[in-house]
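Structure record follows, encoded as structure tokens.
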Amino acid sequence: ATNRGFELDTLYLFNDDLTLGGNYSYTISEYDAPFTFFNEDDPRYPRIVFGGDLSENPCNMEPALRDLYCLEIDGYELQGIPKHKLSAWGSYVWHFAPFGSVTAYAAYSYTGEYSTNAFNRPWDFVPERDRLDLRVTFRDQVGKWNASLFVDNVLDKTYIRSSDMDARRTGYGPNWAQ
């Protein structure tokens, strides 16, 4: 397998109170040589319907069944690695002598789509997602006390972070007829 790409990271202190930062990465990751995977959890081809000994190595089956279950992956994307990732954040501090300071902080992140399985079937892809988090923190003048209020996922979006139809890894039973 090959991973290549680049990453940019920046931090800028405008003054003592305002700080901005960010990070971007671009990654190409792919299988660069033939590699055999067993397509055992594909609901389009349940073994109980299409045949074949469930304990047999799929690559040893008759050719028609072998073509369904024993797949050679070459040039496919590696699992779990998005091409694009981005994060940006900023903070600003207000000073209230003699009481302390209040800091406002915002963070935004974006993760591009990626596959969770070597076959890159439609249900293997996790869609792109973004998120915004906010926080306000009070710190007393001597640094003994602080208190924060925060809201994670301000936009209140629900995300899929993984896709897996294999009961052995998820701990749940399969969700297709067998």
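The values are calculated or read from the model by the stated rules, or taken from the named source; none is laboratory data. What you see is a predicted model, and the numbers here were worked out from it, not measured in a lab. All Cβ positions, glycine included, derive from the backbone under ideal geometry; neighbour counts span all protein chains shown. The protein model used for the area step is the full one, side chains on, heavy atoms only, and it has no ligands, DNA or RNA in it. Shrake-Rupley method; radii C 1.70, N 1.55, O 1.52, S 1.80 Å.
Within the range 1-30, the set of residues being in contact with a strand residue (DSSP E or B) (Cβ under 8 Å, 6 or more places away or on another chain) and outside any strand (DSSP E or B) comprises Ala1, Phe14, Asp16, Asp17.
Scanning the range 81-105 for residues that are more than 25 Å from Phe6 (Cα to Cα), hydrophobic (A, V, I, L, M, F, W, C) and open to solvent by 40 Å² or more (accessible area, probe 1.4 Å) yields a count of 4.
Every residue in the range 64-115 that is at pLDDT 85 or above and outside any strand (DSSP E or B), please.
Within the range 64-115, Leu78, Gln79, Gly80, Ile81, Pro82, Lys83, Ala97, Pro98, Phe99, Gly112, Glu113 meet the criteria.
In the range 108-120, is there at least one residue being of a type in the set (A, V, I, L, M, F, W, C) and exposed (fewer than 14 other Cβ atoms within 10 Å of the Cβ)? No.
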